[in-house]
Every structure is written in C-alpha cells, then in structure tokens.
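Engineer: The structure is given below, and queries will be raised subsequently.
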Amino acid sequence: MGGFYVVGLGASAGGLEALRSFFAAVPAKSGVAFVVIQHLAPTYRSRMVELLATHTTVPVSQIEDGVTIRPDHVYVIPPGKWVKIFHGRLFLSDPENRAPILPIDYFFRSLAEDRGELAIGIALSGTGSDATLGVRAIKEAGGTVMVQDEGSAKFSAMPDSAGATGLADYVLPPAEMARELLLFIRHPLVAHAKDAAFKVGETTMQKIVSLIHEQTGIDFTSYKQSTVARRIQRRIGIAQLANPEDYLELLEQSPQEVAMLGRDLLINVTRFFRDGEVFDVLRGEILPALLKRAAARKALRIWVPGCATGEEAYSIAMLVQEFVTARGEKWDVKIFATDVDKVSIEYAGRGLYPKSIAADVGAELLARFFVQESGALRICPEIRKQVVFARHNILHDPPFTKVDLISCRNLLIYLRADAQRKVMALLHFALQPGGYLLLGTSEAIGDRDNVFETVNAKMRIFQKRGDSRAHIEDAVSRVPTAAGSLDGGRGSASRERVPRAKNGRKKIWETISARLMAEFATTCLVLNEKYEILHSFGQPQRFLTVHPGRASLNVLKLVPRALSLALSGALRRAAKEQQTVGYSRIPLPGRGRGRTLDLKVEPLAAESDEPRTMLVFLQEPQAARAAAKIHQFNPSSESIRRIADLEDELERAKEKLQATTEDEETTHQELQAANEELLAGNEELQSSNEELESVNEELTTLNTEYQQKISELIVSNNDLENVLRTSDVATIFLDAALCLRRFTPAVTRIIPLQLHDIGRPLANFAHPLIAAIAEDLPRVAAGGEAIVRTVETVYGVWHLVRITSYRREGASDCGLVVTILDVSELRRAESNSEERKLSGK
C-alpha cells in the first residue's frame, strides 16, 4: 500500500455544488486519492462522473469492484452499492438491509482502519447524521476531519452533526477546503512525519502542557510524551507554522487553539457496543457471573473511567437491564461514568445521540431503549437513571469503592508507565474481591498479575483475586481512599485540606472527652438515623458485642437483647417527640444478680443540611438529671407497648401496600396496553420517516443533477437557436404526425409560414412545393430511405428538396427534417451550358 493520503468526501442532498466547488480547486497532480460517497437510489442512473469531470482536471471514474486506488484520481460510488477500502483496494457490496442508510459512515470507518493517519474525512452538504460516526473513527485513528461550514452548505444537517462532535480540524467552504488540504499534506512536518521522530523541547512542552492545564484544568503531564508530541505536530501542520516555538506563541494568543489541542489530546472517541466480541463475552460470561455473585444483595456497582461521551456506559447499562428484566427482578444498578473532559460529560448526560448510532445498536435494543426526539435518538429514562456521570480525574481524584465491574478501555495506552501503575493500583483497590476488570485490547495489567486472574486474555478481561490486598500507599499518597460516594466532579486539587494544627486540636478534645466519660463511668454512643454507630466514648466494650456473620454497626444488633428492647423504644420515642428519653434500672442478665443499667437517649440538634444524630448514654444507676425524662423500665409493659405499636404499624403498612399494589397493577395494565400501541405506532412512523428521509435525499440529489442537466440543455438550446437563426438554409422540422415542430427563418422566403402555424400538419398548406413532396413525406416517415428531388415551384424557380428522418439518441425515428435549397441559378447555368454545347455542335 502506497503511503499517500486518501480523502473520503461524504455528501447527499445539495452535495453536487459542494463537490464541484471542491474539485475545481484541486490541481491535476496533488498526490492524493479522492473517493466520493453519496446517497443514491439503486435504480438511479448517476451522472456524477460526467458532471464532475467537466469541473476538474483530475481523472474521474466510477468505482469498480476490487479496483486498486491510486493517487491523483477521483472515484465515485455507483448507485445501489456501498464501498469500503481494504489494503488499498475498493470493494463494493450491497447495502445493509436496515435503516437508516449510512454508506458514508461505512466507508469512513474502513478508511480509518486502512489508512490511519493518512485518512482524511470530509462531510459536505446533506441531510441526516451520516458521517458523524465515521469522523469519530477517523479522528481516533489519528486522521484529519473537515466539515463544510453552515453558510455555504445548501443542507447543513449532515455537516452540522459531524461538526457537533467537536472533532473537526477545519470548518470551511468547499473551495477553501481544497486549498487548506493541500497546504496541510505538503507541510514539511506532515509530509515527512514518518521519516524522523518529531521532538518538542522540554521547556516548550512544559509551557504547552501548563497552558492547557490553566485553561481546561486538565494536566497532561502523565500522558506519553510521544503521543502529546504527535498531536502537537498535527496542530502545527494545520496552523501552517514552522516549529513548536511558533506554535507556543499561537497558543498564548488563541484560547480556541488551546481548546482544540486539548480535545485532540483527550481523544474522546467511542461508540455503542464498540468491539462487539468484548460485549459478547460480557453478555455470555461476565454479567451472568456477576449477577449470580450479587444475587443476595440484588445490587451492582459498575465504574467506567474515561467514558468520553457515554456510549460505553449506556451499552453496559442496556446489557444489565436485559438480564435483570429476563429474571423478573428489581436490582439496584449504579453505573458511575467518569471523564476528565467537562464537555464530553455534559454531552453524555444529555443522552441525545444522532440516528446514525443505529449502525452499532441492534434494532431490538434501539426500539426498547431509545426514543425519537428532534430528529435524534434519546436514551430512555429507565437506562439514564442508572448511569451517574461526573467529571473525574482518575490520577488525582479518589476512586470509587466496592465496584463489581470496571470497564477502562483505551485509557492506559495514552499514559506513561508510572501513571499506568498508579491507575492499575487504584482500579485494583476499587474492585471488590472477585470483581472484574475490562481493559482495551491494546492494554495489559503489567506487573499486577499476582493480584488479578486472567479470565479472557484476548479480550483483556481480568478478575481480582479474593485473597489479594491493595498496595496503593505510594500510588494514592495524595488521594483520599474513602471514595464511596460521588464527588460531583471537583478534583482533589480543589479540596481544602484540614490543617495539621486543627487535626491536633481535634485529637486533644477527643482525648479529653474520652477521659471525662471514663471518669464519670459513662459510655456515650453517637448514632445516625439508621441507628448505626458513628463514634463512641467511654467504655463501649462493656455493652457492645460483635456477633458472628455479616458485620454491622447497627447498635440494636450489638447490645444485649434485654438492653436492645429498651434502647429501641427509647430511640423511637426520642425521635418522635424530639426530646430526651431515659429508662432507669434496666436489668442486665449475666452481669450479676440485681445488676441494672440506666439509659438515656438525646436527639442532637442539627443544621438543615446536616443528617440527624442521636446520643445514647449508658451508665450505672444514679440520681436522674433534671433535664431527662426518666421512666422506670418495665420489660413486660414495654414489650406489650412495643408489640402493639409494631402490630399497628404492620397493619397500616399492609393496608397501604395492598392499595398501592392494586393501583400499580391497574396502572401497569393500562400503561402496558398503551405502551404496546405506542410502540407499534412508533415503529411504523419511524420506518416511514426513515424511508421518506432516504427518498427525499435521493430525490434532492436527482433534482440537483437534473437542474445541472437542464442548465446545460438551455445553453445547447440557445446555441441551436442561434445556429438556426443565422443559417441561410431553409429547414423544416416535422414531428411523427408530420406537423410543424420548427422551421428556420429562411423557409418564410419560400413558403409563407408564421410562428402560430407550429403544430399544424404540413399537408394543410397550399403551396406547389408542399404538394410536390406530399406523397414522399409519409414514405420516409414510415422508415423509408431519404428522398432528394428537385421541384419547380413557379416557372423558372427550382428548389432542391431533401427529406430525411429526424433521429434522436436512444430512440427510434420520431419525425422528419425537410431541407430546401434554391437551385434556380444552378439550373439556369446548366441550361445555358447545354444550349452552348448544342450551338457549338
């Protein structure tokens, strides 16, 4: 395969004008091959080759199956076919039997795979969102993307959709595209990119990275310097500068260029169900195993770092929802999708994608999990609520914890070795024992094979060993490890650290509080709303016991059963009445005969935005404090009261549950019926709409070509009119019925015809010449040979009449052409000559 650029030009409605304008500016020798992809109906005879050939010096031809692509040629897609490039050859295939029609995306993806950095994708005028996924693929492969600007596009939907990805290197009119394209590929740093390694000075590199961090908040120091240098090299070529130092000056003056370089470095490229084999393994092996492991808690936590625009997270959510629905169960599924790029996270959070995602999402999933909105597809609320998007820097922000599955694909390959080790340590720490780690096919776990087991080497799927421990002290020295909740996107750099002095004072007060509690033989427990212990003072070990089984901090499960009853009642009453409640002389079995305990529960006032807490005081019997409402604890009466309260509460809950269940069943049936009708109607409307869109694009393309042809016909007709007007030859054109169709002005000097006579049969005119040829006309019109004869109209006036068939390309004879020449002078000359000969004899 030759090392030359291949340019794919995608266009549909209104694309002919853009293509003509583009190729008119392309020289005969550019060293580039061009492939034109259009939306064409299978039965449509395209004239694109002829129409383009008249506006460019580059040879234009229609693609033949298997043709080897060559530079300085334009290849045009034939109607009813899709085309892809593979090892420098173009292969044709029948369109995939589904809507929408996406031949541009199909070719652009193959172009990205085949040419890599030598791929250039151009999205021109058209409707729909074809080319959107294709430009993503080209950008991911390191190629270049151009988009027609809105002002010059006759139909801007397609270029706007491609430009909305934020991946376009150029947004220009077609004529300027051609000029900038040649400047780019001929730039010394671009043309000789593979000849020598491009280097950026350390100081210049640090300044560039610092500028990006200052504007975007993203630090690319941990990225591979070779990757950063290659992206800078591309941007230098696009900006038509000489060296990195000049580019640094541009960055200092142009925040827009800083943003473009930052987006180039992030490489936020993904798609739904990317690498189908990976999702086949997830569907067939990993998710069933995860659901089986988590069957008791019916909850899953999944983390997708580097989620870009969210397609990966939504794809996993759809797979999980399929399994959960098939089981007929309700699961608490939380998918944390994070990325350092704010723009990508906002895009993902909207959940609105172009219709071209139909090429990656199956028809069944598309109908089930997406709804049409404003010419696009929105992810349904059922899936959207399961995914939590947040801005998050995996190198600096705290990781999530107790995660069942992590999908971290195509992130590590851009990081330096030390950053990769740090991320791997964090991912290991975030996973539960037995949790799964999914990496990209180009990545590996490095030196951490002692803590991961390989599940699928080809798909890079690993499982955390159950007995492994996370050694992440060095990796997360600046990262809080208690990251079970979402941070809302603020990086650790923006968090305020607690000063050491403040921490020291806090420890001193904790020591003093514990000493006072011990001195007065009082144990204090701080509880949250769920009765879980947040802090303890005094000697809690005297009253708390950890039981075998799953660990819990619920105080009612840690205290003795006799104390649990009294404590439960006191907590309920204190929460309800919002005042201190106490019980005295609570018997404690097993602590000696007659041993009792005093209990006091006090609600702790809290601010409106803080959780409520309870203080529980346990101490030996002593004089009751005045502030406490002390009751003599009677186990029998307290048990009866507690049982009665629970029975009332249970009865109310049953009644409420029954009413709610009946309402839900009725509503569910109504919604199900309505949903089925809506789905059926939506599918029909969607199918009809897609067919209409496809037909509309084809008709627009056809209309554009017809308009071009009409313009050419008008010019030709004008030329013919001028030829006939200036011609001194009398000519009459007759149609198949031998009626006048047209005649030259010279005819009127022989036969008195007027313009209003057009359409009348020639035989209706009384003239000696017409009478003389009346019998010849039908004979020639019936397919006879041409007739040439001389007719004397009046004495001494002779005319040579030639009657021939009117012929038209691609059709049978459809009329006659009668040519009349005045040969009177010739006849007189011939007569005189004969007379002289006779007299000479």
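Engineer: Please give the charge dipole size of region 702-763, origin at the Cα centre, charges +1 on K and R Cβ atoms and -1 on D and E Cβ atoms. Round to the nearest 20 debye.
Structural biologist: My answer is approximately 220 debye.
Engineer: Through the Karplus equation 6.51 cos²θ - 1.76 cosθ + 1.60, θ set to phi - 60°, convert the phi angles of region 386-400 into ³J(HN,Hα) values in whole Hz; use x for Gly and Pro.
Structural biologist: 7, 10, 10, 9, 7, 6, 7, 9, 5, 7, 10, 8, x, x, 6
Engineer: Lysines near Lys292 by alpha-carbon distance under 30 Å, same-chain residues fewer than 8 away left out - which ones?
Structural biologist: Lys330, Lys334, Lys385, Lys402, Lys458, Lys464, Lys530, Lys557
Engineer: Please sort by residue number the trypsin sites (Lys or Arg not before Pro) in region 209-266 whose DSSP state is loop and whose Cβ has at most 16 other Cβ atoms within 10 Å.
Structural biologist: In loop regions of region 209-266 (DSSP not H, G, I, E or B), the sparsely surrounded trypsin sites (Lys or Arg not before Pro) are Lys224.
Engineer: Using a ≥ b ≥ c from the Cα gyration tensor of region 172-239 (square roots of the eigenvalues), is it rounded, prolate or oblate, where a/c under 1.5 gives rounded and otherwise the larger of a/b and b/c decides, a/b for prolate?
Structural biologist: Verdict is oblate for region 172-239.
Engineer: Non-local amide H neighbours of Ser30 (under 5 Å, H modeled in plane, Pro and chain starts lacking H): which ones?
Structural biologist: Residues meeting the amide H criterion: Asp72.
Engineer: Let me ask something else. If you average the sequence gap of Cα pairs under 8 Å that are 6 or more apart and divide by the length of region 52-159, what percent do you get for the contact order?
Structural biologist: 20
Engineer: Let me make sure I get this right: for region 132-188, a, b and c are the square roots of the gyration tensor eigenvalues over alpha carbons, sorted descending. Under 1.5 in a/c it's rounded, otherwise prolate if a/b > b/c, else oblate. Which is it?
Structural biologist: Oblate.
Engineer: How high is the relative contact order of region 744-804, in percent, counting Cα pairs under 8 Å that sit 6 or more residues apart?
Structural biologist: Reported relative contact order: 23 percent.
Engineer: Here's another thing I want to ask about it. Simple spin-label model, 7 Å along Cα-to-Cβ: Arg749 to Leu692 in nm?
Structural biologist: Label at Arg749, label at Leu692, 6.1 nm between them.
Engineer: Express the accessible area of region 212-319 per residue in Å², computed with a 1.4 Å probe while the remaining protein chains stay in the model.
Structural biologist: Per-residue accessible area for region 212-319 comes out at 37 Å².
Engineer: May I ask you to compute the full-extension gain from Gln225 to Leu250, defined as 0.36 nm times their residue separation minus their alpha-carbon distance, rounded to one decimal in nm?
Structural biologist: In short, 7.0 nm is gained.
Engineer: Taking a ≥ b ≥ c as the square roots of the Cα gyration tensor eigenvalues, with a/c under 1.5 meaning rounded and otherwise prolate when a/b beats b/c, else oblate, which class fits region 57-118?
Structural biologist: oblate
Engineer: For region 332-382 and region 714-776, what is the separation of their C-alpha centers, rounded to whole Å?
Structural biologist: 69
Engineer: Let me ask something additional. Suppose the chain between Glu620 and Ala296 were pulled fully straight at 0.36 nm per residue; how much longer would it get relative to their current alpha carbon spacing?
Structural biologist: 112.5 nm
Engineer: Roughly how many debye, to the nearest 20, is the charge dipole of region 730-781 about its Cα centre, given +1 on each Lys and Arg Cβ, -1 on each Asp and Glu Cβ, and no other charges?
Structural biologist: Dipole size: approximately 140 debye.
Engineer: Ok, one more. So which lysines can Lys709 reach, going by Cα to Cα under 23 Å and dropping same-chain residues fewer than 8 places off?
Structural biologist: Partners found: Lys154.
Engineer: Let me ask something additional. If I stretch the segment between Arg89 and Glu150 completely, what's the gain in nm (0.36 nm per residue apart, minus their alpha carbon distance), one decimal?
Structural biologist: Here the segment from Arg89 to Glu150 would lengthen by 18.6 nm.
Engineer: Of the heavy-atom accessible surface of region 18-136 (probe 1.4 angstrom), what whole percent is carbon and sulfur?
Structural biologist: 52
Engineer: For region 262-358, which GluC sites (Glu not before Pro) pass both filters: DSSP loop (anything but H, G, I, E, B) and at most 16 other C-beta atoms within 10 Å?
Structural biologist: Within region 262-358, the qualifying GluC sites (Glu not before Pro) (loop, at most 16 other Cβ atoms within 10 Å) are Glu329.
Engineer: On alpha carbon coordinates alone, what is the Rg over Rh value for region 230-315, Rh being the Kirkwood radius?
Structural biologist: Reported Rg/Rh (Cα atoms, Kirkwood Rh): 1.26.
Engineer: So, with a 1.4 angstrom probe, what is the percent of accessible area on region 164-300 that is carbon and sulfur?
Structural biologist: Solvent-exposed carbon and sulfur of region 164-300 make up 51 percent of the total.
The values are calculated or read from the model by the stated rules, or taken from the named source; none is laboratory data. Computed from a predicted model, the values in this text were never measured in an experiment. Every residue, glycine as well, gets a Cβ built from its backbone with ideal geometry; the counts of neighbours run over all protein chains shown. Accessible surface is based on the protein model in full, side chains and every heavy atom, while ligands, DNA and RNA are left aside. Shrake-Rupley method; radii C 1.70, N 1.55, O 1.52, S 1.80 Å.
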